[in-house]
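Here the structure is laid out as structure tokens; the discussion comes afterwards.
The numbers here are math on the coordinates, done by the rules we state, and not lab data. If you're wondering where the values come from, they're calculated on a predicted model, not measured in any experiment. Every residue, glycine among them, receives a Cβ derived from its backbone with ideal geometry; neighbour counts consider all protein chains shown.
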Amino acid sequence: MSERITRNEVIHVARLARLSLTDTEIDEFTGQLGDILEHAADVEALDVGDIEPTSLPLPMTNVLRADVRRASLARDEFLTQAPASEAGQFRVPPILGEEP
């Protein structure tokens, strides 16, 4: 593996990010970042000249159903299914925990 980032560069970036790293962490991150940069160089070296740009690998279609107006339940019908109703509306417990 050719080292693509130096220990001093890792220390510099850590200082800019205001990270306090131990010597062990600096050595570990130097190796990991070197591996990442080596992989990025491999990807960069690929010949993608004849590949069409795309934002998604698979075609996407709209997954929403059509917005169609249709009949709904009558107010009295769904209010009969509510635990409590009053004046044509759902009756719910008070939000502050007070008794009605």
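Observations
- Residues located in the stretch 50-100, provided they are more than 39 Å from the chain's Cα centre (by Cα) and polar (S, T, N, Q): Thr80, Ser85
- Test: residue in the stretch 35-51 that is on the phi < 0 side of the Ramachandran plot, charged (D, E, K, R) and surrounded by 10 or more Cβ atoms within 10 Å (Cβ to Cβ): yes
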